[in-house]
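The next block holds one structure in the form of structure tokens; read it before the comments.
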Amino acid sequence: MTQYQKTLGPLQGIAMTVTTFIGTGLMILPAMSVAQAGSFAFYAWLITATMIIPIAFIFALLGSKYPSAGGASHYIGRAFGSRYEKAVGWLFLSILLVGPAVAIKVAAAYLTIIFKTSDEWILAFSLLTLAGMLFFAIVGMQTSARFQTGIVIVMIGAILWLCYIGDILDSRQVIEAPLTTVEWQQTLYATGVIFWCFLGIEVMAHMGAEFKNPTRDFPIALLGGITIVILAYLSLVLLIAWHHTYGDEVTNSQSLALLVSKLMGETSSRFFAVGAYIIAFANVAIYILGFSRIVQSMAQQGALPKTFIRLNKNGAPEKAVLLVGLITLFSIVFSEVSGWKMSWFIEMTNGSFLLIYTLTCVAAFKLVNRAAQLLAIVALISCSFMVFFIGQSMLFAIIAFCLALSYEYLRSPKSPIKGSKLHVQ
């Protein structure tokens with residue numbers, strides 16, 4: 001079996017979109033934005049959401065029109081050729097070297113709280129978490145989607161409960177609009193941090209081939225999910241600012257736990273750690289699913305061995321999942337042994353995703369109608385704005401893409417020159 005089973009509906013798609021964007025960022029990004037922008041944080045989130053929506057629309061348009069496990073690489077390939085498609089696939093796989101290890105280690109840190117162990121157990125808990133994620137990826141999309149749906153329902157319920165007991169209506173008093181140049185600079189600087197929460201649109205694009213009705217369901221899943229994500233983050237920004245559970249780096253990293261403790265008491269902190277771990281687990285599991293599907297797509301193109309094409313009885317690319325797991329394992333061990341700062345891994349991951357977004361927006365000019373091309377221009381401006389904040393961290397992505405593109409040009413046979421054939425009368 002080499003074709004994916006079409007098992008996803010709009011509600012399951014929305015759930016998977018939400019868990020793609022709401023992961024470990026939920027624990028720290030709202031507090032970081034308030035610490036940076038103060039009372040202007042609410043507007044900083046609205047500005048960032050305004051920037052991300054055109055990009056989301058471009059992916060929704062392309063995903064509904066060209067549903068494929070290849071995601072962005074497939075769209076770019078249709079616009080610029082197979083070499084670019086394979087090069088973007090390699091770029092996406094390069095993220096495996098720097099991205100998942102960070103999120104898995106953050107999730108593992110919550111296990112140390114749950115089981116009251118020392119930080120020395122983080123590596124062991126990271127490996128255990130990875131094994132669990134691979135299991136969910138192998139058992140199939142339908143089982144994983146049900147799990148994601150359950151997580152989202154519980155998470156939304158928890159946020160609504162915090163809004164109720166935390167006086168969300170009164171918290172609106174902390175909202176202040178930036179007026180002066182200094183205030184606008186403070187607000188816009190915070191958007192650079194907030195944008196990281198929306199890195200993951202490309203992961204959902206790989207699920208396009210598994211929707212029952214991609215033309216209808218994929219845009220609903222992506223745009224509906226992002227709407228829920230924005231509302232969830234805005235609610236927590238208001239609550240954290242109103243109850244003053246933000247400040248230095250340590251306070252920011254514990255901001256949600258401090259909020260829960262302040263509103264519900266000390267005994268709830270352990271339950272929060274369990275919830276935080278499950279959210280982080282669900283978030284990274286989606287990335288594992290996305291990575292495995294790009295491996296399968298690249299195998300279909302001939303960039304990887306054909307053995308990665310086949311799907312198991314659950315409709316999952318089992319060997320592709322195992323390859324993703326092996327590379328992620330190497331990344332986790334390397335990050336532990338090297339002692340490199342986690343912020344370096346995060347910045348390189350962000351740069352890679354942003355380059356993929358930018359290339360997709362450029363490809364959209366050739367694949368969509370004239371009205372949608374205007375939307376692509378707006379999306380491209382949003383990407384350019386974020387490149388300014390990322391700066392030199394884009395180098396990893398640019399170097400990886402250039403090396404991959406050079407490799408594909410060297411290994412691919414040269415196209416025959418048009419009109420070079422002789423025709424005998």
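A 32 angstrom limit on the alpha carbon distance is what I want to check against. Which of K105/K319; K313/K366; K116/K319; K65/K86; K6/K116 exceed it?
K313/K366; K116/K319; K6/K116
Please state, to two decimals, what the Cα-based radius of gyration of the stretch 1-103 comes to when divided by 2.2 N^0.38 Å (N = residues). Please list the in-between numbers first.
On the way: Rg = 17.2 Å, N = 103, 2.2 N^0.38 = 12.8 Å.
After normalising by residue count via 2.2 N^0.38 Å, the value is 1.35.
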Original post:
Which percent of Cα-Cα pairs in the stretch 256-364 sits in each 10 Å bin, short to long?
Top reply: 12, 26, 33, 21, 8, 1
Subject >> Residue-averaged [θ]222 nm for the chain, counting only DSSP H segments that reach four residues, each worth -39500 (n - 2.57) >> reply: -24500 deg cm²/dmol
**OP:** Please list 50-57, 378-385 highest first by mean number of surrounding beta-carbon atoms within 10 Å per residue.
**Re:** 50-57, 378-385
Original post:
What per residue convex hull volume, in Å³, do the alpha-carbon atoms of the stretch 171-325 yield?
Top reply: 187 Å³
Original post:
Tell me, in nm to one decimal, what length is gained between N314 and V387 on full extension, where the rule is 0.36 nm per residue of separation less the Cα-Cα distance?
Top reply: 22.3 nm
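Can you give me the accessible area per residue for the chain, using a 1.4 Å probe, in Å²?
For the chain, the solvent-accessible area averages 44 Å² per residue.
Where the only charges are on Cβ atoms (+1 Lys, Arg; -1 Asp, Glu), what is the dipole of the stretch 306-348 about its Cα centre, to the nearest 20 debye? Numbers along the way, then the final one.
Values: 5 positive and 3 negative charges, 66 e Å.
Here the size comes out at about 320 debye.
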Subject >> Candidate values (1) 5, 22, 33, 26, 11, 3, 1, 0, 0, 0; (2) 4, 15, 20, 21, 18, 13, 7, 2, 0; (3) 4, 20, 27, 23, 15, 7, 3, 0, label of the one derived for P(r) over Cα pairs in 10 Å bins from 0, in percent >> reply: (1)
Subject >> Rg [Å, one decimal], Dmax [Å, integer] - the stretch 291-331, C-alpha atoms >> reply: 9.7, 29
Subject >> Unit Cα scatterers, Debye sum, the stretch 89-165: log10 I(q)/I(0) for q = 0.13, 0.15, 0.16, 0.26 Å⁻¹ >> reply: -0.60, -0.77, -0.85, -1.10
Original post:
Could you give the length gained on full extension between L231 and D119, defined as 0.36 nm per residue of separation minus the Cα-Cα distance, in nm?
Top reply: 36.9 nm
Original post:
At 37 °C and 0.692 mPa s, what whole-number value in µm²/s does Stokes-Einstein give for the translational diffusion of the stretch 330-381, with Rh from the Kirkwood sum over Cα pairs?
Top reply: 249 µm²/s
Original post:
If the chain between V362 and A177 were fully stretched, how many nm would it gain, using 0.36 nm times the residue separation less the Cα-Cα distance?
Top reply: 63.2 nm
**OP:** Roll a 1.4 angstrom probe over the protein heavy atoms and tell me the percent of accessible area of the chain that is carbon or sulfur.
**Re:** 67 percent
**OP:** Express in Å², to the nearest 10, the accessible area of H74 obtained by rolling a 1.4 Å probe over the protein heavy atoms while all chains stay in place.
**Re:** 40 Å²
Subject >> Förster radius 60 Å - calculated FRET efficiency between L410 and F271 (Cβ-Cβ, nearest 0.05) >> reply: 0.65
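The values are calculated or read from the model by the stated rules, or taken from the named source; none is laboratory data. Not measured: the values here are computed from a predicted model. Backbone-built Cβ (ideal geometry, glycine too); neighbour counts: all protein chains shown. For accessibility, only protein heavy atoms count, side chains too; no ligands or nucleic acids. Shrake-Rupley method; radii C 1.70, N 1.55, O 1.52, S 1.80 Å.
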